[in-house]
Amino acid sequence: MRQAWRWFGPKAGVSLDAVRQAGATDIVSSLHEIPIGQAWTSEQVRERKSLIETTPAGRRPLTWSVVESIPIPDAVKRLGGSAKQEIASWIASMEALADNDIRVICYNFMPVVDWCRTDLDYVTDTGATAMRFDHTMIAAFDLHILQRKGAEADYSDEDRAIAAQVFEAMDEAAIARLIHNIASALPGSTTEPLTIPAFRDKLEIYAGVDANRLRQNLIEFLQAVTPAAESLGVKLTLHPDDPPRPLFGLPRIASTEADYAALFDAVPSSANGMCFCTGSLGVRADNDLPAMAKRFASRIHFSHLRATTRQGDGRSFYEAAHLEGDVDMVAMLRILLAEDRTRDKSASIIFRSDHGHRMIDDLEKEVTPGYPVIGRLRGLAELRGIIHALDAVER
């Protein structure tokens, strides 16, 4: 397995030497500056690839091996195969990547909001901070700040009562912070930052798009792009929904084993794969992660390895340390390593330590939410230790 690091580019404040010092060999990145829906050019990709892979004397080389992500425009999520221009632009971006020998693409199909958290600095029992998703805060936002039409039907009487109490206790700063965390697009997001009015407008254009329609739109997208991916030798890896359940009245269709099975049955192309994110899928207690990994092993080309801890009735969670929480990371790595040993080295599974606690010096710095250096370095080191131990025992 190849050890990777999510790098947001030269303006992100994390040097490529820091990546080397973390022990990673591969880079996961994207051209975040290009507007959603605009085709990437080979020249733009080549420039970023040169920046990553031009190795100073005496330094270890790095390889840009995964793109995370080429954003999928709203038109594709709403209209499926009818969004021909947007799909053509997406294929053009994929071609530009293949021209530069980058052949693993991660993407998601979450409408309106990408990954979602209510708290970016939840204090853990070590004093480090983590990101958290609080169901009560989501309800307060949905019912009293967003004031989404029909939202009341999605919450129980008890949920609504508690959400009202929580909202009443919030001052203007707390409200602004919650809006920012939910609507401003977290790092790596493939959706656009939204004001509250724009959020409502986006929800309106998805009216009538239920789970069946959204799934069909994704299938039509895959049917359109996988022939090109096959011819280019590109592997497409669908990231799970985060969190893996409907949100703000919007359907989610990459949350469970059944969801992925339906997509692989509908589009059996070998180019149609998955990004196995243990953190996202692990939020649901009914997801058996080792069983899913075994079933879809041949489809896994990229993996996010992190853990979450479910709280209360399981609808809230926080991001635990990589070897803690509700994910059996040893079991997961055993399965991924077994699959990886069957593959040619050029097709090895690429993984990254996903997210990380804000800790030690990073507590005193401005850091990218979810992507502090020290917490991710700790996670990668822990994962690497498990890999070395399993290799020693099982080879």
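The values are calculated or read from the model by the stated rules, or taken from the named source; none is laboratory data. Here the structure is a predicted model, which means the values were calculated and not measured. With ideal geometry, Cβ positions are generated from the backbone for all residues, glycine too; neighbour counts draw on all protein chains shown. These accessible areas exclude ligands, DNA and RNA; they are computed on the full protein's heavy atoms, side chains included. Shrake-Rupley method; radii C 1.70, N 1.55, O 1.52, S 1.80 Å.
What the table shows:
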| quantity | calculated |
| --- | --- |
| For segment 317-390, with +1 on Lys and Arg beta carbons and -1 on Asp and Glu, the positive-most of 346, 318, 388 along the dipole | 346 |
| Residue-normalised accessible area of the chain, expressed per residue, 1.4 Å probe, Å² | 41 |
| Most mobile of 57, 261, 321 in a GNM of the chain (Cα contacts under 10 Å) | 57 |
| Percent breakdown of C-alpha pair distances by 10 Å bin, ordered from the shortest bin, for segment 119-201 | 16, 45, 33, 6, 0 |
| Assigned charges on the beta-carbon of Lys, Arg, Asp, Glu; the chain dipole about Cα centre (debye) | 1160 |
| Qualifying trypsin sites (Lys or Arg not before Pro) in segment 313-343, DSSP loop, other Cβ atoms within 10 Å at most 14 | 343 |
| Phi-based couplings in Hz for segment 104-112 (Karplus 6.51, -1.76, 1.60; Gly and Pro marked x) | 10, 10, 9, 8, 9, 10, 8, x, 6 |
| Portion, in percent, of the accessible area of the chain that falls on carbon or sulfur, probe 1.4 Å | 50 |
| Cα centre as origin, Lys/Arg/Asp/Glu Cβ charges: segment 119-201 dipole, Debye | 260 |
| Straight-distance crosslink candidates among lysines, where the alpha carbon sits under 22 Å from residue 49 and sequence neighbours closer than 8 are dropped | 11, 235, 345 |
| Unit Cα scatterers, Debye sum, the chain: log10 I(q)/I(0) for q = 0.08, 0.09 Å⁻¹ | -0.40, -0.51 |
| Kirkwood hydrodynamic radius of segment 1-116, Cα pairs, Å | 15.2 |
| Placed amide H near residue 28: partners under 5 Å, 5+ positions off or other chain | 5, 6, 7 |
| All Cα pairs of segment 261-395, percent lying beyond 20 Å | 50 |
| Helical segments meeting 24 Å axial Cα length and Kyte-Doolittle -0.5 threshold in the chain (DSSP H) | 211-232, 373-394 |
| DSSP bridge orientation in the chain - percent antiparallel, rounded to nearest 5 | 30 |
| GNM top mover of 239, 135, 322 - the chain, alpha-carbon springs below 10 Å | 135 |
| Cα centroid of segment 123-147 to Cα centroid of segment 346-380, whole Å | 21 |
| Partners for residue 77 among lysines (Cα-Cα distance below 18 Å; same-chain residues under 8 apart left out) | 202 |
